[in-house]
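Beneath this line is the structure, given in structure tokens, with notes to follow.
The values are calculated or read from the model by the stated rules, or taken from the named source; none is laboratory data. Predicted, not measured: the structure shown is a model, and the values here were computed from it. Heads up, the Cβs are rebuilt from the backbone with ideal geometry, glycines too, and the neighbour counts pull from every protein chain shown.
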Amino acid sequence: MKRIWIITVVIAALLAPLATAAAERIKDLTSIAGVRSNQLVGYGLVVGLDGSGDQTTQTPFTVQSIINMLGNMGVTLPPGTNLQLKNVAAVMVTASLPAFARPGQNIDVTVSSMGNAKSLRGGTLVMTPLKGVDGQVYAIAQGNVVVGGAGASAPGASQVINHLSAGRVPAGATVERAVASSLGQGEFVTFELKDTDFGTARRVVDAINLAAGDGAATALDGRTIRVRAPLDSTERVAFIGRLESLQVTPEQQVAKVIVNSRTGSVVMNQRVTLQNVAVAHGNLTVTIGTDVGVIQPPPFTDADTVIVEQGNVDIEQAPSTIFNVAESASLSEVVNALNAIGATPMDLVSILQAMKAAGALRAELEVI
């Protein structure tokens, strides 16, 4: 039998949820509707590899791409030509087109091998059109591929840090087409909370109205806030910049417990509470109860004697399991005590799921 006692003063646990959250900028709490990035993708070739390219016998699309590229350049290969290429690799090229990007601006691209190339180090990406979801070309990528990898070798051993089948081309794409934005259209600008919360939306509206005047901001729902903005583009940009710098204290989020079933990690916020429950599981016996402690005042003072409740956790490994939880015990005590006796991640997940199903775990349970 293994017994573990964890004593925690309940007053501290009760005061923790009352701690006020720190103020944050509206810029950190919200995003502006219409101001977003767009994903681009393209198919291309990396050439100039040192024998580490695709094995063309197993990647016929690489050979076909070379033939098509040479044909576009006016080079015609005799029919039946068997290309044995070792310095070429077929790749997918991806990039993120930032908001308000204009033609001529450079953006970074990521190059990833599609075939069985061993390494893209030292290669050069040949001109590759990057398309959006609508099929239009928004950027053209080309340049030397930078692969972040380090190799270390010793007699009888070899180690490679990071894989070499993906790399980046810094500022390797030039924007050719701009994406239209609705920010400068209409009388209103819409702020969208990153996390839906009616209380936080109300506080953001109050802060904007205090800075810009009553009636400037209106909450459409728990996520969307509509703000009347100047029609002139220069004034509108300055107006949005001022609003984004306003400080707002968000409402505390709902109680939530995140459990990683693979690693056994448990993350919870300070709003999590427990109710009375009994759960039977495996060969563990866990009893969580309440003790009463007395705090005596210093001698010759007018202070009164204080009686406080203390949570304790008593865990046993026995053939039969009884899991008793009292309100005075916190979930962190339960998790710490179970981990101390070597409970597996699946034991922890099963117990928390049973507590949630019984209504004893007053929080959202998310298993990843």
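A few notes on this one:
- Yes/no for Val88 being in contact with a helix residue (DSSP H, G or I) (Cβ under 7 Å, 6 or more places away or on another chain) and in contact (Cβ under 8 Å) with a residue 24 or more places away in the chain: yes
- The sole residue among Ala180, Ala154, Ala150 that is at pLDDT below 90 and more than 30 Å from the chain's Cα centre (by Cα) is Ala154.
- Residues located in the range 49-67, provided they are surrounded by 17 or more Cβ atoms within 10 Å (Cβ to Cβ), of a type outside the set (S, T, N, Q) and not in a loop (DSSP other than H, G, I, E, B): Val63, Ile66
- Of everything in the range 196-219 that is of a type in the set (D, E, K, R) and closer than 14 Å to Thr249 by Cα, the residue that is modelled with the lowest pLDDT is Asp197.
- Residues (out of contact with any strand residue (DSSP E or B) (no Cβ under 9 Å at 6 or more places or on another chain) and at pLDDT below 75) located in the range 244-281: Arg262, Thr263, Gly264, Gln270
- Test: residue in the range 75-84 that is touching a Ser or Thr at 6+ places or on another chain (Cβ under 9 Å) and touching a residue at least 40 places away in the same chain (Cβ under 8 Å): no
- Hits in the range 68-96 - residues which are of a type in the set (S, T, N, Q) and either assigned to a strand (DSSP E or B) or in contact with a Cys (Cβ under 9 Å, 6 or more places away or on another chain) (or both): Thr94, Ser96
- Residue satisfying all of: in the range 111-124; surrounded by 18 or more Cβ atoms within 10 Å (Cβ to Cβ) and in a strand (DSSP E or B); nearest to the chain's Cα centre (by Cα) among these: Val111
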